[in-house]
Amino acid sequence: MNGNGIKRRSVAIIGAGPGGLILAHKFLQRKDLFDVTVFEKQADVGGTWIYCEDTEPNKYGLPVHSSIYRNLSELHRYKNFEAKFQNHVFEKVQRLPVIPYFDNLTNLPIATMEFDDFPHNQNPSKYVSHQQVLKYLQDFAHHFAIKKYTKFLHLVTKVSRDDDLWFVDYRNLETQESFTETFDVVCICQGRFSVPYIPNHIPGLNTFKGLKIHTHTYRVPDIFKNKRVAVLGGGPSGADIALEVADVASETYLCHTVPKNGNFYPFGDKIIQTGAIFKSVGEDSIELTNGTVLRNIDAIIFATGYQIDLSIIDPSCGIEGGEGRVDGLFMHMININYPTMAYLGLMERIPVFNVFSQMAKYFVRTLTGEAELPSKDEMILDLEADRKERQSLNRKMKHSHRMFCDEMWRYDEKLSILGRFKPLSPLTKALYDKCLALFEGETNYKDYQFILNYDKGTYVALKKMTMKLD
Ligand SMILES: Cc1cc2nc3c(=O)[nH]c(=O)nc-3n(C[C@H](O)[C@H](O)[C@H](O)COP(=O)(O)OP(=O)(O)OC[C@H]3O[C@@H](n4cnc5c(N)ncnc54)[C@H](O)[C@@H]3O)c2cc1C
Ligand SMILES: NC(=O)c1ccc[n+]([C@@H]2O[C@H](COP(=O)([O-])OP(=O)(O)OC[C@H]3O[C@@H](n4cnc5c(N)ncnc54)[C@H](OP(=O)(O)O)[C@@H]3O)[C@@H](O)[C@H]2O)c1
């Protein structure tokens, strides 16, 4: 019991990536009410932002977690570029510390990759490298002393429920000892971009003699030098990696049907965009759905996205999954059957860090009684309404947690009303909307710099002049 007679509750957080870290911080702000334990299978905090060059199973036999590739982005190249250009005059009157364009930076400027009470200490208008994101997460964990509460190299193997308690089974990877502990509250923050989806149903795929990899284990383009490469899938990974591979490959095909703004990516003739996907595969050929046959193909890169892995979730938890969806969650997060469980990290196409902050705040406040949690029936109705709306818009089942257009802001508005706190700032929203529009409309969207005016809640977007390297 704390001083006010409220029962203390034990909290298990599974994963110390961005989701687990922000939840840990929000719980630790109420140390009077919660005892926090974070379980992390890796040796440090940072989740997918811990770049791992070696993609083989690690010494504990676990598959690599991170899907980050090396050039997202090369820091040494970045440093050289900054040094090289520091005296250059740029397009606009302001002599901004503009960085030259190169492809594989984060897809958002860091102002839209920021937790609510931990601002970046660098120019927030920039697209940054994965190393800088990791540094931010490590600084965050250090600042809020989260590591003290984290069991590193501990793999959670099962979460189940009995007798109003959560049972967490876990293994110390170093000693191989297994344990079971009970908790009052549990948070699943295991990430959703680590288990690759490969369309194994494509006829003939097993007969292909060349190299086959998924973007999850792609790190560098070197192995594709002088090869004829077919990339399947036109999401952010497919587009990013095809561009990079095309620099070294003899021919690169991007096989997708995803138009951006009514057109395919404006990649010029560097990449052949097929407008069709794989129908069948032979020993060194690929037949596409439009009848075209790609011949003498040396390598296939599957950029076909990821599966949600629910293998640690026992059926007794009261949520279930399938087809890229986890069913039974209110606001894509709170277990409707047992609202002392949160699943953070399912939503796609969102400013992750900013939205995670709002979600974490809401969940903790539902437990302290500061926020409203609707009744079970109301939550079921809400979920049903979301499902019906998505169905009426012909959305794919696997996009059940994807936010389109202003859905993100409606979601945030609702969360803030229920949680009794402020919604995301107009500046964050405007900046994120602008980034999406740029992403839809321009390949070189990272050519932009933003000058932010926090007081006025406005920004100015500046495009850099084309700079030629000597
Ligand atoms: C290639 C790529 C590029 C991206 N670029 C951007 C970007 O530019 N901007 C952006 O905002 N987002 C980007 N993202 C999205 C990215 O996933 C999020 O930024 C963020 O990392 C999600 O945080 P998370 O905590 O949900 O998951 P993760 O970062 O995956 O962290 C999950 C953590 O849980 C741990 N874990 C998992 N299972 C267990 C277990 N059973 N036991 C113990 N620990 C476990 C993992 O080791 C990991 O540390 C990108 C993703 C990918 C794949
Ligand atoms: N630079 C960056 O910041 C960066 C780079 C890479 C990734 N990311 C992030 O990483 C996350 C994952 O991105 P992702 O591109 O790996 O996955 P994704 O967004 O799920 O995209 C996968 C693509 O493959 C398509 N696909 C799936 N199965 C297919 C099949 N059988 N045949 C043809 N196409 C198929 C999908 O189409 P449907 O969905 O229509 O089925 C989709 O377009 C995203 O959140 C993204 O923002 C960021």
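Here is a yes/no grid of residues against (1) under 24 Å from the mean Cα position of the chain (by Cα); (2) not in a strand (DSSP E or B):
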{"position": "A276", "(1), (2)": "no, yes"}
{"position": "K279", "(1), (2)": "no, no"}
{"position": "G321", "(1), (2)": "yes, no"}
{"position": "V326", "(1), (2)": "yes, no"}
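Considering only residues that are over 19 Å from K225 (Cα atoms), crowded, with 16+ Cβ neighbours inside 10 Å and either touching a residue at least 40 places away in the same chain (Cβ under 8 Å) or among the charged types (D, E, K, R) (or both), which ones fall in the stretch 283-313? I286, E287, T304, G305, Y306, Q307, I308, I312, I313 - these are the residues of the stretch 283-313 that are over 19 Å from K225 (Cα atoms), crowded, with 16+ Cβ neighbours inside 10 Å and either touching a residue at least 40 places away in the same chain (Cβ under 8 Å) or among the charged types (D, E, K, R) (or both).
Once the stretch 236-258 is narrowed to residues that are surrounded by fewer than 16 Cβ atoms within 10 Å (Cβ to Cβ) and away from ligand 2 (no atom under 11 Å from the Cβ), the residue that is modelled with the lowest pLDDT is D247. Screening the stretch 389-412 for residues that are farther than 25 Å from K434 by Cα and surrounded by 12 or more Cβ atoms within 10 Å (Cβ to Cβ) and picking the one that is nearest to ligand 1 (Cβ to nearest atom) gives K398. Could you please find all residues in the stretch 30-48 being in contact (Cβ under 8 Å) with a residue 40 or more places away in the chain and either polar (S, T, N, Q) or not in a strand (DSSP E or B) (or both)? Selection gives R30, L33, T37, K41, Q42, A43, D44, V45, G46, G47, T48.
If the condition is being among the β-branched types (V, I, T) and away from ligand 2 (no atom under 16 Å from the Cβ), then the stretch 171-200 contributes T175, T180, T182, V185, V186, I188.
Within the stretch 370-385, being in contact with a strand residue (DSSP E or B) (Cβ under 8 Å, 6 or more places away or on another chain) and either surrounded by fewer than 12 Cβ atoms within 10 Å (Cβ to Cβ) or closer than 17 Å to Q358 by Cα (or both) holds for one residue alone: L373. Test V231 against the stated conditions and say whether it is within 25 Å of the chain's Cα centre (by Cα), surrounded by fewer than 17 Cβ atoms within 10 Å (Cβ to Cβ), within 16 Å of ligand 1 (Cβ to nearest atom) and in the same structural domain as V281 (by TED's automatic domain parsing). The answer is no for V231. Considering the stretch 10-61 alone, what residues qualify as being crowded, with 24+ Cβ neighbours inside 10 Å and within 16 Å of ligand 2 (Cβ to nearest atom)? Result: G17, P18, G19, G46, G47. Among the residues of the stretch 184-202, those identified as within 14 Å of ligand 1 (Cβ to nearest atom) and either surrounded by 20 or more Cβ atoms within 10 Å (Cβ to Cβ) or farther than 16 Å from A16 by Cα (or both) are V186, C187, I188, C189, Q190, G191, R192, F193, V195, P196, Y197.
Residues that are under 29 Å from the mean Cα position of the chain (by Cα) and of a type in the set (S, T, Y) within the stretch 281-306 comprise T304, Y306, listed in sequence order. Taking the listed residues F208, F152, the one that is buried (at least 18 other Cβ atoms within 10 Å of the Cβ) and in contact (Cβ under 8 Å) with a residue 60 or more places away in the chain is F208, with no other qualifying.
The values are calculated or read from the model by the stated rules, or taken from the named source; none is laboratory data. Not measured: the values here are computed from a predicted model. Quick reminder, even Gly has a Cβ in these numbers, built from the backbone with ideal geometry, and neighbours come from all protein chains shown.
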